[in-house]
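Quick note: the coordinates plus some simple rules give every number you see, no bench work behind them. Note that the structure is a prediction, hence the values are computed from the model and not measured. Because the Cβ atoms are built from the backbone with ideal geometry, glycine has one as well, and the counts that use them run over all protein chains shown.
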Amino acid sequence: MNSRRPARIEDYALIGDMQTAALVCRDGSIDWNCLPRFDSAAVFSSLLGTEEHGFWRIGPAVPTGVPAPYADRRRYRGDSVILETEWDTSTGTVRVIDFMPPRDGETPQLIRIVEGVTGEVEMTSAMSARFGYGQHTPWIYDDRGRTAVVCGPDSLWLDTAVPGIEKDGTVRHAFTARAGEWVVFTLSWQPSHAPAPDVPNAEAALAKTAGFWQEWTGQLTYDGPYREQVTRALITLKALIYAPTGAVIAAPTTSLPEDLGGGRNWDYRYTWLRDASLTLSALLGAGFRQEAEGWQQWLLRTLGGDPESFQIMYGLAGERDLSERQLDWLPGYEGSAPVRVGNGAVDQLQLDVPGEVIDTLFVAHEHGVAGCDGTAALHLRLVDYIQKHWREPDDGIWEVRGGRKHFVHSKVMAWVAVDRTIRLADAGALDMPPADRARLVELRDEIHTEVCDKGFDAVRNTFTQSYGSQEVDASLLLIPRTGFLPPDDPRVLGTVAAVRRELATPEGLVHRYPTAGGREGLDGLRGDEGAFLLCSFWLVNDLALAGQVDDAVELFERLLALTNDVGLLAEEYDPVSGRQLGNFPQAFSLLGLVDSAVLLGELTRAAEPVMAA
C-alpha cells in the first residue's frame, strides 16, 4: 500500500443517495461509507483508523511508498452531489466522477467513473472493504467476471471491465485513462443471502442523478445574496435527510473529534428533534415544503402515541434504543479515542426540544404546510408537557454531562412553545377553548418574568447560562431571534457584548460555553473544543438585527471563508490550527449559514431606498 498523508477533515467531500453517504478525500480515497443506511456499520472506516480498516482509492499511479497525490482541483457538477476530482500529471489530465444515484429499490450503489481529459494517465484502483467498522476481513471471489465481497449478512459486488487481482483482502486494478474515454467502477451492496444485484448502467445512473438534483433545486425560491453558498448548503442538508422516512440526521459520521487527540467524540448519525426542526425551518425558508411534510409524518409516527416520554433523538425510522458503545479496535481520527457508536445523550432531559418542535410547526403553518388532526393533537400534548415540566432543571441544549441545571435557553424555549401555540390558536390553526388560551397567556407571562428575574445578572448586564451562574452561554444569542425580547433591548445588547467578550475569539468565532482545558469543566468533560460554527452564525444574526449590518456581513463572510473547497463545514473550527473539527458535514453549521444569509438578504432589501414613481 502507498503511505497516506494525514487528511484534514476539510479535505473530504460528501456524496450520497439520501439513505447513506460516503466521504471522498482529495487523494481520491473513500475513507468512510456505511451501508446500507447512514447508521449501519461502515465498510470503509480508515477515516477513524488506518487503511487496514477499509478504503477505496482511485487516482494516478505512484511508486510504492510514495503518498498518493492530492487532486489539483475538485468541484460538484452543477447543483448536485456529483463530485468531480481532477489531477494534472506530466502525461495528461484525468477526472474521477463519484456519485451515489438515488435509489429506486433497496440496492445502494457507489459509482466511480474515470474520464480521460487530455493525454494518457496511468491509474490504479485499490478497494479494501472491511466490515463491522473495519473489524472483519471479507471472503472475496470471482462470480462470472464480477468480484463478490461477502461478510456475514452483507455483500458487495464490484463491477468493471478492467482486469484486477486480489491479494490480502484488497482488490487492485491498473489501467490507463485516455482522453475522451471512460473506465467505470461500480460497487453495489446487497444482503448476502439475496441474488446478485444487476450490474449498474453508469451512464444512465449519472443522467438520473443529475436530473434528480436539477429538479430538486428548481424548487429553490431564495434569490438573495450568497445564493451559490446557500444552494450548496441546502443541497447538503437534503442529502442528510433519510428518504424512506423523512428523518434528518445531524451528520453522516461518528467520532470526528471536537478536540484533536481528546475524547470529545460522538456519534451524530441520528435524528435530533432540535437539529431536525432547525434544518426544516431553513429548508422551508428557501421554498422546500416536501421535506417539512415528510418530517411532520415522521414526527407523528415517532412521538404521536406517547409525546410525554419524548427523547431528544431517535433512529432513522424512529428507533429509541441508541445505546452507546466504544469500538476499541479503531484508534480514532488522529488518535482521538474512543470511537463511539450510539449516543448516551439519548437519555438526557432537554426541555428546549418541545419548543423547537412547536416553533417548526408554527413556521410550517406560515409557509402553507397543512397540518392535520394528528399534528394538532401532538402539538397540544407537547405544550401540555411544557406546562407540567418547565420549572424542572434539565441537561440543556449542549448535552453536557455535568448535571442538570435551570438553563436559561431551555426556559426561553418553553416560552417559545407557549407563545407559538397561542399564535396558532389565534390564527385558527389550533382548536382551543378561551379558558385554555387564557391559561397559556398567563403561563407565557410567568415564564418571561421568571427568566428575566432569575436568569439575568443585572450587575454585569447579561443573561447567564443558568439561574444564578456566572457563566454566559452562546445559546443566549437566540433570545432576540425567538422574539423573547427585541434585538435592541439593553439586556439583549448586554448579553451579546458578554458573549463576544467571554466566548468569542478575536476573529469573532464563538465558543458554546467555557471549557476547562485538561480539567473537568462545566460540561463534565475534560479537554477543550473548537469554536462552534452555528453559534458564530447566531452572532451574525444578532448583530444584523441590532442594526450593525456591516459588522454582521463582515463576520458572515469570514465564516464563509472557513468552508472547504466544495462549500462544506464541520461542526467546529479551531482558529489556532486553522482546521475544521467535529463531525462532517454538519447540518447545524449549514443551516446556520442559510439562516444568516436569508436574514441578511431580508435586512438588505428592507434598507434599500424606495424608487420614486
Inset, instruction - Indicate, rounded to the nearest 5 percent, the antiparallel portion of the DSSP beta bridges found entirely in the chain. - result: 100
Legend entry - Inter-part distance where segment 350-409 and segment 562-579 are each reduced to a Cα centre, Å: 31
Legend entry - Helix-only mean residue ellipticity at 222 nm for the chain, each DSSP H run of n ≥ 4 adding -39500 (n - 2.57), per residue, nearest 500: -10000 deg cm²/dmol
Inset, instruction - Could you tell me which of Val418, Ala148, Trp298 has its Cα farthest along the dipole of the chain towards the positive end, charges placed at Cβ (Lys, Arg +1; Asp, Glu -1), taken about the Cα centre? - result: Ala148
Inset, instruction - Work from the charge dipole of the chain (Cβ charges, +1 for Lys and Arg, -1 for Asp and Glu, about the Cα centre) and give the residue of Gly16, Ile386, Phe556 farthest towards its positive end. - result: Gly16
Inset, instruction - Just subtract the alpha-carbon distance of Ala243 and Asp306 from 0.36 nm times their residue separation and send over the number in nm, one decimal. - result: 20.3 nm
Legend entry - J(HN,Hα) series, segment 370-385, from Karplus relation 6.51 cos²θ - 1.76 cosθ + 1.60, nearest Hz, glycine and proline x: 5, x, 8, 4, x, 5, 4, 5, 4, 4, 5, 6, 5, 5, 5, 4
Legend entry - Estimated inter-spin distance, Glu602 and Asp453, nm [label 7 Å along Cα→Cβ]: 3.2
Inset, instruction - Given the peptides 364-372, 502-510, 247-255, arrange them by the average over their residues of other C-beta atoms within 10 Å, most packed first. - result: 247-255, 502-510, 364-372
Legend entry - Charged-residue dipole, Cβ positions (Lys, Arg, Asp, Glu), segment 9-204 about Cα centre, Debye nearest 20: 80
Legend entry - Residue-by-residue Karplus 3J(HN,Hα) for segment 545-551, coefficients 6.51, -1.76, 1.60, Hz, glycine and proline x: 5, 7, x, 8, 5, 4, 5
Inset, instruction - Calculate the spin-label point distance for Gln548 paired with Asp373, positioning each point 7 Å from the Cα along the beta-carbon direction, and give it in nanometres. - result: 5.2
Inset, instruction - Can you figure out the FRET efficiency of Lys167 with Thr505, using R₀ = 51 Å and their beta-carbon distance, to the nearest 0.05? - result: 0.55
Legend entry - For peptides 88-100, 203-215, sequence by mean Cβ density within 10 Å, most packed first: 88-100, 203-215
Inset, instruction - Tell me which residues come under 5 Å, amide H to amide H, from Asp267 once H is placed; ignore anything under 5 positions away on its chain. - result: Ser255
Inset, instruction - Quick one: what are the phi-derived ³J(HN,Hα) couplings along segment 195-212, Karplus 6.51/-1.76/1.60 with θ = phi - 60°, whole Hz, x for glycine and proline? - result: x, 4, x, 5, 6, x, 8, 4, 5, 5, 5, 5, 5, 5, 5, 4, x, 4
Inset, instruction - Grab the other residues whose beta carbon is less than 12 angstrom from that of Gln135, score K and R as +1, D and E as -1, and report the net. - result: -1
Legend entry - Separation between Cα centres of segment 199-246 and segment 460-517, rounded to whole Å: 36
Inset, instruction - Using amide H atoms built 1.01 Å from N in the peptide plane, name the residues 5+ places from Leu322, or on other chains, whose amide H lies under 5 Å from its own. - result: none
Inset, instruction - Please report, in debye to the nearest 20, how large the charge dipole of segment 242-604 is about its Cα centre when each Lys and Arg carries +1 at its beta carbon and each Asp and Glu carries -1 there. - result: 360
Inset, instruction - Read through the labelled values (1) 36.2; (2) 25.6; (3) 29.4 and report the label of the one computed as mean projected area of the Cα convex hull in nm² from the structure. - result: (3)
Inset, instruction - Note down the net charge around Pro252, summing +1 for each Lys or Arg and -1 for each Asp or Glu among other residues with Cβ under 14 Å from its Cβ. - result: -3
Legend entry - Size of charge dipole - the chain - debye, nearest 20, with Cβ of Lys, Arg +1 and Asp, Glu -1, no other charges: 500
